[in-house]
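Okay, so here's the structure we're looking at.
The values are calculated or read from the model by the stated rules, or taken from the named source; none is laboratory data. Quantities reported herein were computed from a predicted structural model and do not represent experimental measurements. Quick reminder, even Gly has a Cβ in these numbers, built from the backbone with ideal geometry, and neighbours come from all protein chains shown.
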Amino acid sequence: MTDSILPNSLAAACDQVQLHGWELWIEYFALGGNATPRDLARHIARTATLSDHENDVLVQALNERFLAMDLDHPLSYARPDPPAPRSPLPPLPSPPPAP
Amino acid sequence: MSDPVGSRAEPDSLQLFGAVLLGEHSLDELLDLVVVLARRTVAGADGVSVTLSREGTMLTSNFSDDVVRELDSVQYKARHGPCVDATRTQRMVRISLDGDGSYPEFSRAAQQRFMTAVMSAPLTTPQQGLGALNFYSASVERFADDQAEMASLYAGQASILLANAIAYANSTNLNAALREALTTRELIGEAKGILMAREGCSRDEAFDLLRIMSQHSNRKLRTIAEELVESVQRHD
């Protein structure tokens, strides 16, 4: 993966997928994010830090934009991947393989 | 001598702009109105078009006929011409196509289409440049000073109308996006609740499960949540 595909900061990722301001916050909010637009902007500018969970909601919003560009989740998450679900969860779509 | 058509048309056009209710017309309809009234307002304007600029890209959004649309395109391709310069500099550009040495490539194309004069007035607000309003003539050698003033005044009024219409459209779009976001948020909240009950995990861990399923299946988290909620509803 080249540097132009893998952004080295959230700000660069926002530029790459052209998601900024209200549009970005709405995508983040839709996924369950709880930070205000101002706090989100500060986190992206690295002048404040959101919790790992809030960071990951933002990363998910950006990764979904990358997905639409045929780039598969290039941004990494702050929280570790969870173990596979305890129950087989048959109704769940595409359960992840065990790590 | 000032033109009687222009003098008569000015108050009508401005009154019409004042009577426009933004919520009742689309932006496209308003731009069509701007084109139609511009032809009536400026004497000698045989064709009119609107250039809109966004992030450095210019396009003709509305036009009175195909000839003016083609002549706008010639300017965009050449990256210079009256409408390009009026948009970039936010100043009026007025040329005669017979003897005026400016824009040779565009002038040739315009003369081939029997045009004799062109004038582009900027569409602009104190906050931003919107583009330009372009007047083409096949009947006057050069747009007169009073018609240039008229075009400038008209473009100023049209700019206010368009800026308000764009702000209204943006606000409407934002409201619609927020409503859609709330629906998605509720759906994802419901899916997280299901996972919390089944897995005995926290809300944040439920999100982690959803996002890793999204990651492994290359599908949006909303889609995963929707399918999960629907599957549970089917089993209930």
Verdict on B:Ala225 being within 42 Å of the chain's Cα centre (by Cα), more than 8 Å from every other protein chain (Cβ to nearest Cβ) and not hydroxyl-bearing (Ser, Thr, Tyr): yes
Criterion (closer than 23 Å to B:Asn173 by Cα and either at pLDDT below 95 or within 14 Å of the chain's Cα centre (by Cα) (or both)) met by exactly one of A:Thr36, A:Thr2: A:Thr36
In the stretch B:178-195, anything within 7 Å of chain A (Cβ to nearest Cβ) and among the polar types (S, T, N, Q) is listed as B:Thr184
If we ask which residues in the stretch B:198-233 are touching a His at 6+ places or on another chain (Cβ under 6 Å) and charged (D, E, K, R), their number turns out to be 1
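Taking the stretch B:196-222 as the search range and keeping residues that are assigned to a helix (DSSP H, G or I) and more than 8 Å from every other protein chain (Cβ to nearest Cβ), which one is farthest from A:Arg65 (Cα to Cα)?
Only one residue fits best here, namely B:Ala197.
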Please state which of the following conditions B:Gln157 fails to meet, knowing it meets all the rest: (1) crowded, with 18+ Cβ neighbours inside 10 Å; (2) not in a helix (DSSP H, G or I). (2)
With respect to B:Arg54, determine if the residue is of a type in the set (Lys, Arg) and either in contact with a helix residue (DSSP H, G or I) (Cβ under 9 Å, 6 or more places away or on another chain) or within 12 Å of B:Tyr136 (Cβ to Cβ) (or both). no
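The rows are residues; the columns are (1) under 37 Å from the mean Cα position of the chain (by Cα); (2) surrounded by fewer than 17 Cβ atoms within 10 Å (Cβ to Cβ); (3) within 21 Å of A:Asn34 (Cβ to Cβ).
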{"position": "B:Ala138", "(1), (2), (3)": "yes, yes, no"}
{"position": "B:Phe143", "(1), (2), (3)": "yes, no, no"}
{"position": "B:Glu149", "(1), (2), (3)": "yes, yes, no"}
{"position": "B:Leu162", "(1), (2), (3)": "yes, no, no"}
{"position": "B:Leu174", "(1), (2), (3)": "yes, yes, yes"}
{"position": "B:Leu182", "(1), (2), (3)": "yes, yes, yes"}
{"position": "B:Cys201", "(1), (2), (3)": "no, no, yes"}
{"position": "B:Asp204", "(1), (2), (3)": "no, no, yes"}
{"position": "B:Leu210", "(1), (2), (3)": "no, no, yes"}
I'd like the full set of residues that are buried (at least 18 other Cβ atoms within 10 Å of the Cβ) and of a type outside the set (S, T, N, Q), limited to the stretch B:47-66. B:Gly47, B:Val48, B:Val50, B:Leu52, B:Met58, B:Phe63
Pairs please, first residue from the stretch B:166-177 and more than 10 Å from chain A (Cβ to nearest Cβ), second anywhere and assigned to a helix (DSSP H, G or I) and surrounded by 11 or more Cβ atoms within 10 Å (Cβ to Cβ), Cβ atoms under 9 Å, 6+ apart in sequence or on different chains. B:Ile166/B:Leu27; B:Ala167/B:Leu22; B:Tyr168/B:Leu22; B:Tyr168/B:Leu27; B:Ala169/B:Leu22; B:Ala169/B:Leu27
What number of residues in the stretch A:28-64 are among the charged types (D, E, K, R), touching a residue at least 12 places away in the same chain (Cβ under 8 Å) and surrounded by fewer than 20 Cβ atoms within 10 Å (Cβ to Cβ)? 2
